[in-house]
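S.K.: Got a structure here, written out as structure tokens. Questions coming.
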Amino acid sequence: QVQLVESGGGLVQVGGSLRLSCTASGRTFSDSAMGWFRQSPGNEREFVAAISWNGRSTNYADSVKSRFSISRDNAQNTVYLQIRSLKPEDTAVYYCAADRTLGTIIAGTARTWGQGTQVTVSS
């Protein structure tokens, strides 16, 4: 079983950048597809980005693909989400997710989730 801990969130000005990290414990990380979701107040959780177990395949929500980049370092058991040109609408709690397949991640039905890290973009 993989356990996930997100970090890297905070208060950032419009136009700034952040790199979120999600560190996993458990020996199955390198076999797991990983993803990022976000949820803002009053809204449902939405898919942001996903990456396959070996990093060769990635998938992004259309609304973020020009500004977000997902990557992973299996040696460090960590997946990253680089966010550029932050906008107020990026304000949300960002969650990391893990499961066996990329499709499961994208569908939002991953078995393992982190506790989330808050990103607040000020104008």
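The values are calculated or read from the model by the stated rules, or taken from the named source; none is laboratory data. Every value quoted in this text rests on a predicted model; they were computed, and no experiment measured them. Backbone-built Cβ (ideal geometry, glycine too); neighbour counts: all protein chains shown. Surface areas here come from the heavy atoms of the whole protein model, side chains and all, with no ligands, DNA or RNA. Shrake-Rupley method; radii C 1.70, N 1.55, O 1.52, S 1.80 Å.
S.K.: Test SER32 against the stated conditions and say whether it is in contact with a Lys or Arg (Cβ under 8 Å, 6 or more places away or on another chain), hydroxyl-bearing (Ser, Thr, Tyr), open to solvent by less than 20 Å² (accessible area, probe 1.4 Å) and farther than 16 Å from VAL93 by Cβ.
M.R.: Values: in contact with a Lys or Arg (Cβ under 8 Å, 6 or more places away or on another chain): yes; hydroxyl-bearing (Ser, Thr, Tyr): yes; open to solvent by less than 20 Å² (accessible area, probe 1.4 Å): yes; farther than 16 Å from VAL93 by Cβ: yes.
For SER32, the condition - in contact with a Lys or Arg (Cβ under 8 Å, 6 or more places away or on another chain), hydroxyl-bearing (Ser, Thr, Tyr), open to solvent by less than 20 Å² (accessible area, probe 1.4 Å) and farther than 16 Å from VAL93 by Cβ - is met.
S.K.: Under 7 Å between Cβ atoms, which residue pairs at least 6 apart in sequence (or on different chains) link something in the range 43-55 that is more than 17 Å from GLY116 (Cβ to Cβ) with a partner that is open to solvent by 40 Å² or more (accessible area, probe 1.4 Å) and of a type in the set (Asp, Glu)?
M.R.: Sorted first by the residue in the range 43-55, then by its partner, the pairs are TRP53/ASP31.
S.K.: Tell me which residues, restricted to the range 32-69, are closer than 19 Å to THR109 by Cα, among the hydrophobic types (A, V, I, L, M, F, W, C) and assigned to a loop (DSSP other than H, G, I, E, B).
M.R.: Result: TRP53, ALA61.
S.K.: For GLY42, work out the one condition from (1) at positive phi; (2) open to solvent by less than 40 Å² (accessible area, probe 1.4 Å) it doesn't fulfil.
M.R.: Result: GLY42 passes all but (2).
S.K.: Same structure, new question: Name the residue that is most open to solvent (accessible area, probe 1.4 Å), counting only residues in the range 16-28 that are more than 17 Å from GLN115 (Cα to Cα) and not charged (D, E, K, R).
M.R.: SER17
S.K.: Check SER7, SER30, SER17, SER21 and return the single one that is polar (S, T, N, Q) and at pLDDT below 95.
M.R.: On the way: SER7 fails: at pLDDT below 95; SER17 fails: at pLDDT below 95; SER21 fails: at pLDDT below 95.
It is SER30.
S.K.: Let me ask something additional. List the residue pairs whose Cβ atoms are under 6 Å apart, where the first residue sits in the range 98-116 and is open to solvent by 30 Å² or more (accessible area, probe 1.4 Å), the second is assigned to a loop (DSSP other than H, G, I, E, B) and of a type in the set (A, V, I, L, M, F, W, C), and the two are 6 or more positions apart or on different chains.
M.R.: If the second residue must be assigned to a loop (DSSP other than H, G, I, E, B) and of a type in the set (A, V, I, L, M, F, W, C), the pairs left are THR104/ALA110.
S.K.: Does the range 15-31 hold any residues that are in a strand (DSSP E or B) and over 22 Å from SER123 (Cα atoms), and which are they?
M.R.: First pass over the range 15-31, keeping only residues in a strand (DSSP E or B): 18-25.
Scanning the range 15-31 gives SER21, CYS22, THR23, ALA24, SER25.
S.K.: Give the residue, chosen from VAL12, VAL79, VAL64, that is within 30 Å of SER122 (Cβ to Cβ), of a type in the set (Val, Ile, Thr) and either surrounded by fewer than 14 Cβ atoms within 10 Å (Cβ to Cβ) or touching a Leu at 6+ places or on another chain (Cβ under 8 Å) (or both).
M.R.: Working: VAL79 fails: either surrounded by fewer than 14 Cβ atoms within 10 Å (Cβ to Cβ) or touching a Leu at 6+ places or on another chain (Cβ under 8 Å) (or both); VAL64 fails: either surrounded by fewer than 14 Cβ atoms within 10 Å (Cβ to Cβ) or touching a Leu at 6+ places or on another chain (Cβ under 8 Å) (or both).
Step by step, each of VAL12, VAL79, VAL64 is checked, and only VAL12 is within 30 Å of SER122 (Cβ to Cβ), of a type in the set (Val, Ile, Thr) and either surrounded by fewer than 14 Cβ atoms within 10 Å (Cβ to Cβ) or touching a Leu at 6+ places or on another chain (Cβ under 8 Å) (or both).
S.K.: Continuing with this model, one more query. Kindly establish whether SER25 is under 18 Å from ALA97 (Cα atoms) and among the hydroxyl-bearing types (Ser, Thr, Tyr). Lay out the reasoning, then the answer.
M.R.: Details: under 18 Å from ALA97 (Cα atoms): yes; among the hydroxyl-bearing types (Ser, Thr, Tyr): yes.
So SER25 fits the description; yes.
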